[in-house]
Amino acid sequence: MQAPFAELDSLVALITSAVADVKAEYTKLNLAVPDLTSVDDHPLDSMPVPRKLKKAVETVNGACAQLSTSLLSPHHAMYLRSNDYITSICIRLAYEAKVADLLKEHPNGLHISKIAAKCGIPDVKMARIMRLLATKQCFREVENDVFANNRLSALICSDNPFASVIGVSTDDQFLGGAVLYETLADKIAGPSYDTNHSPFARAHDGHSFWKFYHEIRFPWKDLPAGTTVCDLGSGVGYMSMDLIRLNPGINVVMQDTKETVELGKAFWQEKAPEAVSNGRAKFKAIDFLKEPPVTADVYYLKHILHNWEDKESEAILANIKKAMKPGSRIIIQDYVMRHVSAISDDEAAFLGRAPAPLPSNFGEGRIQQYILDIAMMILMNSRERTLAEFKQLGNAVGLEIAKVWDCGELSALEYRLPA
């Protein structure tokens, strides 16, 4: 029989051990832990997070959440979960009212009466919303009814690129989420994986996400000089810029839609013109659902396949396969979903196991991927995938997974041609 406090003791010990790892990793980096009250960027915000540090943070997060849930009454815990949406709608209000932009001009804080007046919202109601957000550590209440930005709220300032992610998550995605049940229960939309049948489309007059918007820790240093990487679905090329900066021997060809490629060219001319002029960074428009990319040594796709269901994902991989040469590889950087229950030895060989007594998927320590999985269902009727599902994609087009690289919460799956 298990001792009455065995799980609590195990969780506390796990938290203590993981926090010690966090402190050791920050000490090794000669960095302080980020100050939540600061609005300044921390060095780790723009550099790769060491794997051990990432895992320790996930462990602390997961273990603290599990410890808290174990001690709360089930009514209390379930009530909190069923009302998570209240935080989202309050963040949306702050985003739409540009509260963070206003507070940026007042680093020492601004009284709620002035915030409310600028935003055109009654001050008593605005105070209640700001107090909730400050309790959730999204703003600071520096003194009674005086609020200031912090490390989290700075992300919704208009000049922060991440603000648009918050905008979509708390507005258009949120509207789609409100009709998730109705969509999945629908006899036509429920079993369909057509993006036009997504909850997002249902909430937006039948417009799919694409129509509505029109729109790693892989060992790169081990690649030989002269290696060509095709960044497929590159966007403007943020990841490619890091690859070129950190790996002098690598050349990159960025491929995306014609409109995106033109934006990428302008971005690179501003940020890294020398890489364009010396030929290390090139651009070529593509419709990757219909045509193969350029011939390359490595094909890199980050957060691409999760936008597409199996039929389209197989088409993308099949088109890449047409362009591959012997020795080429495909690197898919995405979340690899795990079951909460025990994982198989095959999965463990690729993905490792969470430390006991956490669930095999790290519990809330890696909750972001499960939230994103449902977000993809709502937005585009697509999904994050398990290791078995990634294997099925490869098998369907004649590719096999050679290795799964541990990038912390994300993984990098390496597909190769069969030997």
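Each value in this text was obtained by applying a stated rule to the coordinates, not by laboratory testing. Predicted, not measured: the structure shown is a model, and the values here were computed from it. Reconstructed Cβ throughout: ideal geometry from the backbone, glycine too, with neighbour counts over all protein chains shown.
Between the listed residues 199, 154, 285, the Cα displaced farthest toward the positive end of the dipole of segment 153-293, a dipole computed from Cβ unit charges relative to the Cα centre, is found at 285.
Ignoring lysines fewer than eight residues from residue 258 along the same chain, the ones with Cα atoms less than 18 angstrom from its Cα are 211, 282, 284, 290. At the listed q of 0.09, 0.10 Å⁻¹, the Debye profile of segment 181-304, built from one uniform point per Cα, gives log10 I(q)/I(0) equal to -0.36, -0.43. Remark: the chain projects, on average over all directions, an area of 24.1 nm² (convex hull of Cα atoms). If you bin the C-alpha pair distances of segment 43-164 every 10 Å from 0, what whole percents do you get? P(r) for segment 43-164, in whole percents per bin: 12, 35, 30, 21, 2.
All alpha carbon pair distances within segment 71-125 were sorted into 5 Å bins beginning at 0; the resulting P(r) in whole percents reads 4, 17, 20, 18, 12, 10, 10, 9, 1. Within the straight-line cut-off of under 16 Å between alpha carbons, the lysines reachable from residue 104 are 114, 118, sequence neighbours fewer than 8 places apart in one chain being disregarded. Each residue of segment 137-145 is assigned a 3J(HN,Hα), and the resulting list reads 6, 8, 9, 10, 9, 6, 7, 3, 6 Hz, derived from the Karplus form 6.51 cos²θ - 1.76 cosθ + 1.60 (θ = phi - 60°), x at Gly and Pro. Run the Debye formula on the Cα coordinates of segment 172-212, all scatterers equal and no solvent, and tell me log10 I(q)/I(0) at q = 0.29, 0.34 1/Å. So the normalised log intensities are -0.96, -1.20.
What's the magnitude of the charge dipole for the chain around its Cα centre, counting Lys and Arg as +1 and Asp and Glu as -1 at the beta-carbon? Answer in Debye, nearest 20.
Around 540 debye, computed over the chain.
Centre-to-centre, using Cα atoms only, segment 98-133 and segment 3-52 are separated by 32 Å. Bridgeable lysines around residue 403 (alpha carbons under 25 Å apart, same-chain partners fewer than 8 residues away excluded): 52, 54, 55, 221, 302, 311, 321, 322, 325, 391. In this structure, the amide hydrogen of residue 299, modeled 1.01 Å from its nitrogen in the peptide plane, lies closer than 5 angstrom to those of 230, 329, 330, 331, counting only residues at least 5 positions away or on a different chain. Rounded to whole numbers, the Karplus 3J(HN,Hα) couplings from phi for segment 221-233 are 5, 7, 6, x, 4, x, 4, 9, 10, 9, 8, 8, x Hz, using 6.51 cos²θ - 1.76 cosθ + 1.60 with θ = phi - 60°, and x at Gly and Pro. Multiplying the residue separation of residue 396 and residue 295 by 0.36 nm and subtracting their alpha-carbon distance yields 34.2 nm. Lys/Arg Cβ at +1, Asp/Glu Cβ at -1, dipole of segment 6-78 taken about the Cα centre: which of 70, 43, 14 is farthest positive-ward? Of 70, 43, 14, it is 14.
Using C-alpha positions alone, give me the convex hull volume of segment 100-176 per residue in cubic angstrom. Could you put the intermediate results ahead of the total?
Working: hull volume 7.4 nm³, N = 77.
In segment 100-176, the Cα convex hull volume per residue is 97 Å³.
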